[in-house]
Amino acid sequence: MKLLERILKYQIVTSLCVLTLGAVLFYFSVDYLIDREVNKELMRSKAKVSWQLRHINELPVYILQLGDSLQLDQVRYPGQMALVERKLFNEFENEYQPYRQLIFYERVEGAWYRVTISKLLAQRQQLLEAVVMTVTFIVALLLISLLLLNSWLSRRLWRPFYKTLRALDSYQVEKHEVLTFPKQHTVEFEQLNQSVTHFTDRLAATYQNLKEFTENASHEIQTPLAVILSKIEGLFQDESLKESQLVALSEISEAANRLAKLNQALLLLTKIENRQFLAGTEPISLVPIINRKLRDLEDLIEQRGITVKTAIEPTGPVMHPALAEVLVNNLLTNAIRYNVNGGTIDIALNAGKLVVRNTGAPIHIDPELMFERFRKEGTHSASLGLGLALAKTICQVNGQTLTYETDGPWHILTVTW
Amino acid sequence: MKLLLIEDEKALATSIQNYFQRENFICEWAADYRTAVEKINIYRYDCVLVDLMLPDGDGLDAVRELKRNFPETGIIIISAKNSLDDRITGLNLGSDDYLTKPFHLSELNARVQAVIRRRSFQGSQQIRFGKIQIDPQEHLVLVDQQEIVLTRKEYDLLVYLIANKNRVLTKESIAEHLWGDDADLMDNFDFIYTHIKNLRKKLMDKGCPDYLKSIYGVGYKFSEQ
């Protein structure tokens, strides 16, 4: 629930409570006032009636208010004065209406009379209606104005907040960006934006340092590795070495070679992540790259009895040519390495899509996990475990998506752009 | 043949020098940019090996200097930087090849020989070894004047073996020479053995002695003895 909606919720509940309470109070106080007034009038009328009855010979002055009625009944004994409310049939309106009656007894020329003054209470009904109507109207007005204010607020005042939120949402530390915002008049938003700017600034700097360190370290490792490998190669030429020494040396050489390859792959990965390859400006056709690569790998494919089927159109994503090369290379070598002998590779290149399918042993983990660095299924000792991580990184950096699915014996890698 | 090695890492430079001395090449060494420029301007070299990152300058400047004054000298850049830009700049400046550290000395040797061969006159472009004669321009291989038909990989393998004759070649260096970065696609080196076997058979069928010696656990050696 949005903050403004939550505020609105409380506002509405409070307003409804206050208004209901106010309406009740209002009703009772007005009712009380009217009630008192009615009684007073009835008492005044009583005084007038009493006076008139005692001076029966004189002409009656005006004694009752309009709408009131007076009834005289002769009784044998006087009773208690009483104020009662009852509904009486009104012949003019042809309906029952509420009346308040003041009943008292008066002695006129030796006989007792019961005097009943009836007063119509129609105003009270009207009052109730007026109160309910007014309150409803006020409530409606209040709610509408609250809603309007709210939407205006969320459009105007909260706009910078939502802008900041959107910017944070789409923030990617890999892009090395620092989020900056225009100056805000609202203190809280300005503080928020400044914090976000400082935060992303520090984040980008730390990330950059880390990446530079990785790259420099990889670079520095290359030279000692070159020395090690060259010394080993020199030693191989020494004819006085025993066979066992040569075998040990050969194993050292293999390990050092592997280390060099690993280092190079990591270096490339870091460079791609550091965006040292400028984004391409125009689509690069993958056809020549695929064909060249298949030719290079021809004898490997042949040796393992793999059938390659291609359905390719001259198309491709916008990408740095070197990265396109690395991408295709990794997808194809992956399809060969993890294939079964006598298996199949399907390469389909259409507008916006490159699909490389190969037969292979089933994997027992979520295929998407294969994109993690150094993730290897099975024991392919020669593999560095970086191929798919590289492919994934290239796609991420260039805005393509790479997915890995399995379907029975098929392993399907799809690049879409 | 006279080479100049511009490389600031002494240990690596010594290895390279030793390797080329066995090839009967004269390999001089310059450890920094200043010495390198001095040597370039005094002596004539057949091929210069340049490291790009020097303590007192950029190896690419040495390449420019060479190209301006001695365009006929072969140039191979050896660098720890595998950056595409450097590679392109280097090749655009007129260097003949670009090799990323770390590399196999046998690979460097093969490339140096290829550069020198390309830059020398027509007659000396032929590669000869024992009964084998190769015309690199035509990709033609003759044994006792009879042509042998080799696959592309077998041809590359033969040229590589001859370039590094009388030396022990590791399986990795052969695999890397033939398949480059895809060398690690081979989970074992049986695959090289297949190519070696086929090549040896084709050579021996035409009356070639068995030049190829297998060195247990290490690799192969191509020699006349």
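The values are calculated or read from the model by the stated rules, or taken from the named source; none is laboratory data. Because the structure is a prediction, the values reported are computed rather than measured. Using ideal geometry, Cβ is built from the backbone for each residue, glycine included, and neighbour counts are taken over all protein chains shown. The area values use the complete protein model at the heavy-atom level, side chains included, leaving out ligands, DNA and RNA. Shrake-Rupley method; radii C 1.70, N 1.55, O 1.52, S 1.80 Å.
Worth a mention:
- In this structure the amide hydrogen of A:Asn90, modeled in the peptide plane, comes within under 5 Å of the amide hydrogens of A:Glu95, A:Tyr96, A:Gln97, none closer than 5 places in sequence on its chain.
- Efficiency of FRET between B:Arg128 and B:Lys2 - r from beta-carbon atoms, R0 35 angstrom, step 0.05: 0.95
- Compared with the dominant Cα axis of chain A, that is its longest principal axis, helix A:287-296 is turned about 40°.
- Under a model in which nothing but the beta-carbon of Lys, Arg (+1) and Asp, Glu (-1) is charged, the stretch B:2-119 shows a dipole of about 420 debye around its Cα centre.
- Loop GluC sites (Glu not before Pro), the stretch A:175-233, which have at most 15 other Cβ atoms in a 10 Å radius of their Cβ (DSSP): A:Glu177
- Residue pairs exceeding 26 angstrom between C-alpha atoms, taken from B:Lys101/B:Lys202; A:Lys231/B:Lys2; A:Lys293/A:Lys376; A:Lys242/B:Lys101; A:Lys231/B:Lys202; B:Lys171/B:Lys201: B:Lys101/B:Lys202; A:Lys242/B:Lys101; A:Lys231/B:Lys202.
- Full-stretch length increase - A:Leu146, A:Asp366 - with 0.36 nm per residue and alpha-carbon distance subtracted: 74.1 nm
- When restricted to Cα atoms, the stretch A:287-416 yields an Rg and a Dmax of 13.7, 37 Å, respectively.
- Cα pair distances in the stretch B:3-63, grouped into 5 Å bins until the bin that holds the longest one, percent each: 4, 21, 33, 24, 15, 3, 0
- Our analysis of the stretch B:65-161 gives Rg over Rh at 1.03, with the two radii drawn from alpha carbon positions and Rh computed by the Kirkwood formula.
- Under a 5 Å amide H cut-off, with hydrogens placed 1.01 Å from N, B:Cys27 pairs with B:Leu3 among residues at least 5 apart or on other chains.
- For chain B, the equivalent ellipsoid derived from the Cα gyration tensor has semi-axes of 32, 19, 16 Å, listed largest first.
- Most simply put, chain B has about 50% antiparallel DSSP beta bridges, counting only bridges with both residues inside it.
- Per-q log10 I(q)/I(0), the stretch A:168-276, q = 0.11, 0.17, 0.23 Å⁻¹ (Debye; single scatterer per alpha-carbon; no solvent): -0.57, -0.86, -1.14
- Across the stretch A:350-362, rounded Karplus estimates of 3J(HN,Hα) from the backbone phi angles (6.51 cos²θ - 1.76 cosθ + 1.60, θ = phi - 60°) give 10, 4, x, 7, 10, 10, 10, 10, 9, 7, x, 5, x Hz, Gly and Pro being marked x.
- When Rg and the Kirkwood Rh are both derived from Cα coordinates, the Rg/Rh ratio for the stretch A:262-330 amounts to 1.04.
- Alpha-carbon centroids, the stretch A:334-398 and the stretch A:190-268: separation in whole Å: 24 Å
- Between helix A:321-337 and chain A there is an angle of about 80 degrees, using the helix long axis and the longest principal axis of the Cα atoms.
- For B:Met204, solvent-accessible area (1.4 Å; no DNA, RNA or ligand), Å²: 90 Å²
- Here's how it looks for A:Val318: its modeled amide H is under 5 Å from those of A:Ile284, which are all 5 or more places away or on a different chain.
- Taking the inverse of the mean 1/r over every pair of distinct Cα atoms in the stretch B:2-119 gives a Kirkwood hydrodynamic radius of 13.8 Å.
- Summarising the overall dimensions of the protein assembly as shown from its C-alpha atoms, the Rg and Dmax are 49.9, 171 angstrom.
- Neighbours of A:Ile56, meaning other residues whose beta-carbon lies under 11 angstrom from its beta-carbon, give a summed charge of -2 when Lys and Arg score +1 and Asp and Glu score -1.
- Neighbour cut-off at most 13 other Cβ (10 Å), DSSP loop, GluC sites (Glu not before Pro), the stretch A:1-110: A:Glu58, A:Glu91, A:Glu93, A:Glu109
- Centre separation in Å (Cα based) which lies between the stretch A:151-174 and the stretch B:1-55: 61 Å
- DSSP beta bridges confined to the protein assembly as shown are antiparallel in about 75 percent of cases.
- Per residue value of the accessible surface for the stretch A:310-367 (all protein chains in place, 1.4 Å probe), Å²: 37 Å²
- For A:395-406, mean number of other protein chain Cβ atoms within 10 Å: 0
- Chain A: angle of helix A:187-236 to the longest principal axis, Cα-based, in degrees nearest 10: 10 degrees
- Percent carbon-and-sulfur accessible area, the stretch A:287-416, ignoring ligands, DNA and RNA, probe 1.4 Å: 51 percent
- Bridge type composition, the stretch B:2-119 - antiparallel percent by DSSP, nearest 5: 10 percent
- Among the GluC sites (Glu not before Pro) within the stretch B:90-159, those in coil by DSSP and having at most 11 neighbouring Cβ atoms inside 10 Å are B:Glu138.
- Calculated log₁₀ intensity ratio I(q)/I(0) where the Debye formula runs over C-alpha points of the stretch A:3-151, q = 0.20 Å⁻¹: -1.19
- With K and R counted +1 and D and E -1, the other residues having a Cβ less than 12 Å from that of A:Glu177 yield a net charge of 0.
- Candidate lysines - alpha carbon under 16 Å from A:Lys2, same-chain residues fewer than 8 apart omitted: A:Lys163
- For the stretch A:3-151: accessible area per residue (Å², 1.4 Å): 70 Å²
- Here the accessible area of the stretch A:168-276 is 57 percent carbon and sulfur, with a 1.4 angstrom probe and all protein chains present.
- Positive-end extreme of charge dipole, the protein assembly as shown - chosen from A:Ala205, A:Gln126, A:Asn216 (charges on Cβ): A:Gln126
- Within the stretch A:16-174: Cβ-based charge dipole about Cα centre, in debye rounded to nearest 20 (Lys, Arg +1; Asp, Glu -1): 460 debye
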